[in-house]
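Read through the structure below, which is laid out as structure tokens, and then see the notes.
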Amino acid sequence: MKILINLIRNLLGAIIATIDLVTRGSKVKRTPEKQQAVNMAAKDLTLYQFFACPFCIKTRRAIYKLNLPIETRSASEGSPHRKALLEGGGRVKVPCLRIEQDGKVEWMYESSDIIRYLEKRFA
Ligand SMILES: N[C@@H](CCC(=O)N[C@@H](CS)C(=O)NCC(=O)O)C(=O)O
């Protein structure tokens, strides 16, 4: 039964991810200088995620629209990043944004909080 539920969940997630890819629209446009600064700042951000998780898709969509080259790491079972998320953030829940700033590391959970943070910082 659990296998069937996971299968349906992954299938739905894959459909949502595909719809997201074809309906994303345009990205924020910046001057080359401003984009360069944003690109540098984005190096300190990493998104831990599952490909087919609807909350991750929502977060990736916001990242795309804000034109942020944020590295994504899969936290799915068997991935080496899963352990890093558990040890660093305290739990395997996605999406989770790893923020490295001023020598400190923060692990931000909750898609709405992540999007709010990114919009405040980069919009
Ligand atoms: N309210 C959270 C929901 C996130 C969520 O439920 N993520 C699922 C994957 S779709 C997850 O990580 N589940 C594992 C768990 O909660 O332990 C958000 O908006 O980010």
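The values are calculated or read from the model by the stated rules, or taken from the named source; none is laboratory data. Since this is a predicted model, take the numbers as computed values, not measurements. Methodologically, a virtual Cβ is constructed for each residue, glycine included, from the backbone with ideal geometry; neighbour enumeration extends over all protein chains shown. Heavy atoms of the whole protein, side chains included, go into the accessibility calculation; ligands, DNA and RNA do not. Shrake-Rupley method; radii C 1.70, N 1.55, O 1.52, S 1.80 Å.
Miscellaneous remarks
- Unpaired by the 4.7 Å Cβ criterion, cysteines found in the chain: Cys96
- DSSP H segments from the chain that extend 18 Å or more along their own axis, Cα-based, with Kyte-Doolittle mean of 0.5 or above: 2-22
- Pairwise FRET efficiency - Arg121 versus Ile8, Cβ, R0 = 35 Å, nearest 0.05: 0.45
- Considering only beta bridges that DSSP places wholly inside region 2-122, some 70 percent are antiparallel.
- Considering helices alone, the calculated mean residue ellipticity of the chain at 222 nm is -17000 deg cm²/dmol, with DSSP H runs of length four and up weighted by -39500 (n - 2.57) and normalised per residue.
- Entries in Lys29/Lys120; Lys65/Lys120; Lys83/Lys104; Lys27/Lys104; Lys2/Lys93 that, when Cα-Cα distance is taken, lie over 23 Å: Lys27/Lys104
- Nearest-10 value in Å² for the accessible area of Thr72, using the 1.4 Å probe: 70
- Accessible area per residue in Å² at 1.4 Å probe, computed on the chain: 65
- Loop exposure criterion: trypsin sites (Lys or Arg not before Pro), DSSP state outside H, G, I, E and B, at most 13 other Cβ atoms within 10 Å. Applied to the chain, the longest stretch between such sites is 44-90.
- In terms of its Cα atoms, the chain spans 53, 35, 21 Å along the principal axes, sorted from long to short.
- The accessible-area ordering, largest first, of the residues Ser26, Ser112 stands as Ser26, Ser112, per a 1.4 angstrom probe.
- Of the GluC sites (Glu not before Pro) in region 60-123, those whose Cβ has at most 11 other Cβ within 10 Å and which sit in DSSP loop: Glu77
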